[in-house]
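Structure, as structure tokens:
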Amino acid sequence: MYIKNIGENLDMKINILPVAMALLLALSACSPSSATNHAAVGTSAVENQLEVMTGINKGNLPPDFTLTTIDGKQLNLRQFKNDNKPILLDFWASWCPYCSRDFDIVKNIYPKYVNKVTFLAIDLDSNEKADLISNYKIKKSLVGIDFAEADINVLSDYGITHTTTKYAIGKNGVILYKGSGVFNEEQWEILLSALANS
């Protein structure tokens, strides 16, 4: 499966499996002594070395968090990794015209991925409460997308300064894509398809 690197204007194709394999091989070659020490306590060397690489860039294991959606569902990011499920984090605000355009496009594409990829839209405006967010979701007919109020710790941990910031996190819990901007139909399709098959 090929994914176009959306962050570079879709000019370059990246084969996810070879990149992931190269990353794992590079990681296992970096510090064999620490891998051996961690393996002694019953966890795999690769998992421990990925945990060392916690961060907010492509290839990192993102910071964990637990959020409650506006519908009362509690979502823990680490649990998605444990359950081998991909998740898309989308940071937005109701007053953002770019977010509105993004949602207008993705609402026609996401339904076919709703059972394969969790889509969590996290508000970045702490003044926007659950009622306002719920009304926005209904008005935009955004079915299947989970929405959550702003959480200052999550916004800080992820370095969020712009609306339309997206983090695509694969089944293994690693960030596959980080970027911002309005996506067209092809870009949404590529991103969601790659996540579903990660």
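Brief remarks on what is shown
- Single unsatisfied condition, V46 versus (1) in a loop (DSSP other than H, G, I, E, B); (2) modelled with pLDDT under 90; (3) surrounded by 14 or more Cβ atoms within 10 Å (Cβ to Cβ): (1)
- Within the option set L142, L176, being hydrophobic (A, V, I, L, M, F, W, C), closer than 18 Å to K73 by Cβ and out of contact with any Asp or Glu (no Cβ under 8 Å at 6 or more places or on another chain) holds for one residue only, L142.
- Number of residues in region 172-188 that are over 10 Å from the mean Cα position of the chain (by Cα), farther than 19 Å from C96 by Cα and either crowded, with 18+ Cβ neighbours inside 10 Å or not assigned by TED's automatic domain parsing to the domain that holds D64 (or both): the value is 1.
- Failed criterion for N82 (all others in (1) closer than 14 Å to L67 by Cβ; (2) at pLDDT below 95 hold): (1)
- Flag if G159 is crowded, with 18+ Cβ neighbours inside 10 Å, over 18 Å from I109 (Cβ atoms), touching a residue at least 12 places away in the same chain (Cβ under 8 Å) and assigned by TED's automatic domain parsing to the domain that holds D123: no
The values are calculated or read from the model by the stated rules, or taken from the named source; none is laboratory data. The model shown is predicted, which means the values in this text are computed figures rather than measured ones. All Cβ positions, glycine included, derive from the backbone under ideal geometry; neighbour counts span all protein chains shown.
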